[in-house]
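A short worksheet on the structure shown next.
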Amino acid sequence: MKKPQIIEKEQNKGVENLGCHVEKQDIQRSIRPIYKTSDFALYNNDCLELMAQFPDNYVDMIFADPPYLLSNNGFTCQNGQMVSVNKGKWDKSKGFDDDLKFHETWIKECKRILKPEGTIWVSGTYHSIYQCGFLLQKLNFHLSVPVPASV
């Protein structure tokens, strides 16, 4: 399942090695940033697997673009043609309760690793953003005015 990306503000040069060894089904692999400068690292991994490696109150900012869960075997009109809305298994809804649990799991982990003065930006559509907004409030995030989408 596609997971949100994590942007980690680095505190030292060794951060790319933090939790770099992950074991899953007898397969070992390294987690490394896909882009890195002297003051931040960008990861594109399973967010729960990655965030589990970070200590509490560790990152300054998270940008999350969770699955919109729109793949429902439907169709839409794009450029005058009917096209499937299916993106993949990672974008299939498992029903309201399971979708809500999925969002709560990653948002709780974000809360754990964010510094008290940290910020989280969540991208979404009407199909998912209300669940995320509800959970952010439930988990005591301070919500500010949303940034409108540009046309």
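In order along segment 74-87, phi translates into HN-Hα couplings of x, 10, 9, 9, 9, 6, x, 10, 7, 10, 5, 8, 5, 9 Hz, rounded to whole numbers, per the Karplus curve 6.51 cos²θ - 1.76 cosθ + 1.60 with θ = phi - 60° and x for Gly and Pro. Modelled spin labels at Lys108 and Thr37, positioned 7 Å past Cα toward Cβ, are 3.5 nm from each other. Using the Karplus relation 6.51 cos²θ - 1.76 cosθ + 1.60 with θ = phi - 60°, the per-residue 3J(HN,Hα) values for segment 121-132 come to 10, 10, 9, x, 10, 4, 6, 10, 5, 6, 4, 5 Hz, with x marking Gly and Pro. Fewest-first ordering of Glu109, Glu117 by other beta carbons within 10 Å of each residue's beta carbon gives Glu117, Glu109.
Amide H contacts under 5 Å for Phe63: Ile7, Trp121, restricted to partners 5 or more places along the chain or on a different chain, H placed in the peptide plane at 1.01 Å from N.
Within segment 55-138, antiparallel bridges make up roughly 45 percent of the DSSP beta bridges whose residues both belong there. Per-residue Cβ neighbour counts within 10 Å put Met51, Met82 in the sequence Met82, Met51, beginning with the fewest.
Taking amide H positions as modeled 1.01 Å from N, with prolines and chain starts lacking one, the residues under 5 Å from Leu114 and 5 or more places away or on another chain are Asn57, Tyr58, Val59. Each label point was placed 7 Å from the Cα along the Cα-to-Cβ direction; for Trp90 and Asn44 their separation is 0.9 nm. Treating r as the C-beta distance of Lys115 and Ser30 and R0 as 35 Å, the FRET efficiency rounds to 0.85. Just to confirm my numbers, what's the Cα centroid distance between segment 94-143 and segment 32-65 in Å? Here the two parts' Cα centres lie 16 Å apart.
The numbers here are math on the coordinates, done by the rules we state, and not lab data. Since this is a predicted model, take the numbers as computed values, not measurements. Neighbour counts are summed over all protein chains in view; Cβ atoms, including those assigned to glycine, are modelled from backbone coordinates with ideal geometry.
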